[in-house]
Amino acid sequence: MKQIKNDKINETLYYEKLKNGLEVYLLKNPEETSIKISFATKYGSMHNSFVPKNKKNYVDYPNGIAHFLEHKLFEMEDKENALTQFQKKGVYVNAFTSKNITAYYLVLTENIEENVNDLLDFVQSPYFTDENVEKEKGIISEEIKMWDDFPEEKLFDTLFLNTFVNHPYRNSIAGRIKDIKKITKEDLRDNYDVFYHPQNMFVVVTGNFDEKEILKIIKDNQNKKIFDPFNSIILKHIEEPSKVYKDKEIIKGNVEKTKIAINYKILISHLKIKPEKLEFYFNIILMNLFDKTSEINEKLKKLSVLTDGIKIDIDFVDNFSVWTIMAETEKPEELLKNIVKSMKNIKVTEEEFERKKKVLISEFISHFNNLNGLNQKILFTKANFNIDFISLFNLIEKLNYQELLKIIAKLDMSNKTVVILESKNS
């Protein structure tokens with residue numbers, strides 16, 4: 001078992017790649033009272049056009065199939081579904097699908113061997129029938145209708161639909177009801193066979209545990225199973241223009257106050273800097289512009305343009321980074337004008353850079369005191385950048401002001417989309 005140590009923060013990440021290709025990441029915190037174990041695949045809603053196993057040509061599968069598959073894997077042949085089994089044992093179990101990852105996880109305090117085996121077994125024992133697939137269509141269709149009633153979900157989905165022209169990142173994670181109706185058990189099997197091979201999966205364990213014991217449980221479980229040889233995953237290449245699909249849209253929803261969301265679609269391939277490093281530089285820029293202590297935040301609150309703080313998020317999609325800026329406001333056009341003005345003239349002083357760098361370091365260290373948050377950080381760092389989470393600390397320390405200035409000088413901020421969510425009564 002490899003130990004990835006960082007003496008500056010006194011943390012060690014244990015790592016091993018098993019014979020079947022499954023990667024295992026273990027990060028201990030003896031002060032925790034429980035453990036969280038996640039079993040994940042590098043497969044999300046945007047991975048729906050690829051060459052299936054034993055085929056030669058690309059196939060386009062319905063939007064939402066990754067999320068549908070997540071639901072169906074809880075189904076067990078000749079047993080109650082996995083959700084019911086864990087609930088009866090008092091173990092918290094859940095799963096999620098994002099644009100590029102699907103993960104199944106448990107939070108537990110006892111019977112570790114039994115529950116870890118049950119988690120690995122139900123994810124690696126797919127059971128699809130025409131009947132249970134049809135039944136699930138109704139369940140997920142109702143879920144989609146429910147999500148449509150959540151204003152922020154509608155705002156987020158519209159925003160990304162208007163950001164991308166061709167890339168499947170634009171589609172909602174759950175798909176639409178018309179997409180769900182097209183899914184067959186054969187489609188699910190095709191997707192499972194390609195993306196749920198151990199070579200494309202990894203396990204993350206955080207909390208209070210014995211690393212040798214946990215690794216042995218996982219190894220013994222995987223050694224009992226036989227997997228087909230892994231074939232390289234061949235995803236369809238999607239040409240995506242720099243321009244957004246739609247510049248602006250106003251939608252209605254059940255909100256008391258207007259919400260505004262802006263996506264800046266930024267080409268990054270010419271910057272020649274790895275995304276995991278760029279993310280920290282971009283965070284410094286956006287924190288400096290829009291966090292609670294920023295000049296624009298204080299100014300807009302005094303003018304009653306902002307009712308609360310500005311939320312920011314950063315995504316990386318192939319050759320692009322997408323900066324999301326969201327806020328609640330009584331004056332959307334005034335807020336939009338101020339944000340656009342700030343983004344046209346990005347400035348960060350060296351003093352501000354050093355201050356925000358210290359904030360990043362502080363936030364990074366704080367993750368180690370949060371069982372759930374740390375697990376997710378390790379998951380998404382692996383899925384997004386294919387590196388271990390602890391290595392990011394060294395990246396933050398090596399950030400330098402001159403490199404940031406060069407990046408800012410090369411940013412093209414001309415491609416953006418705006419979505420305004422108004423009350424149905426306005």
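The values are calculated or read from the model by the stated rules, or taken from the named source; none is laboratory data. Worth saying up front: this structure is predicted, and the values here are computed from it rather than measured. Virtual Cβ from ideal backbone geometry, glycine too; neighbours counted across all protein chains shown.
Some notes on this structure:
- When each of 114, 134, 110, 152 is tested for being over 23 Å from residue 235 (Cβ atoms), among the charged types (D, E, K, R) and in contact (Cβ under 8 Å) with a residue 40 or more places away in the chain, the lone residue that passes is 152.
- Residue within region 90-106 that is surrounded by fewer than 21 Cβ atoms within 10 Å (Cβ to Cβ), over 30 Å from residue 387 (Cβ atoms) and out of contact with any Lys or Arg (no Cβ under 9 Å at 6 or more places or on another chain) present: yes
- Pairing each residue of region 214-232 that is touching a residue at least 40 places away in the same chain (Cβ under 8 Å) with any residue that is of a type in the set (Asp, Glu) and buried (at least 16 other Cβ atoms within 10 Å of the Cβ), provided the two are 6+ apart or on different chains, yields C-beta distances under 9 Å for 215/16; 218/16; 219/16.
- Long-range neighbours under 6 Å by Cβ, at least six apart or interchain, first residue outside any loop (DSSP other than H, G, I, E, B) within region 319-344, second among the small types (Gly, Ala, Ser): 326/261
- Restricting region 97-146 to residues that are assigned to a helix (DSSP H, G or I) and among the β-branched types (Val, Ile, Thr) leaves a set whose member that is farthest from residue 170 (Cα to Cα) is 112.
- Out of 250, 233, 285, one residue alone is more than 26 Å from residue 14 (Cα to Cα) and surrounded by 19 or more Cβ atoms within 10 Å (Cβ to Cβ). It is 285.
- Residue identified as under 25 Å from the mean Cα position of the chain (by Cα) and over 19 Å from residue 41 (Cα atoms) among 217, 238: 238
- In region 380-419, the residues that are crowded, with 18+ Cβ neighbours inside 10 Å and either charged (D, E, K, R) or not assigned by TED's automatic domain parsing to the domain that holds residue 271 (or both): 382, 416
- The strands (runs of 3 or more DSSP E) found wholly in region 3-88 and carrying at least 2 residues that are in the same structural domain as residue 126 (by TED's automatic domain parsing) and under 16 Å from residue 106 (Cβ atoms) occupy 23-28, 35-41.
- Condition broken by residue 226, with the remaining ones in (1) touching a helix residue (DSSP H, G or I) at 6+ places or on another chain (Cβ under 7 Å); (2) of a type in the set (A, V, I, L, M, F, W, C); (3) in a loop (DSSP other than H, G, I, E, B) satisfied: (1)
- Of all residues in region 50-75 being in contact with a strand residue (DSSP E or B) (Cβ under 6 Å, 6 or more places away or on another chain) and closer than 22 Å to residue 382 by Cα, the one that is surrounded by the most Cβ atoms within 10 Å (Cβ to Cβ): 66
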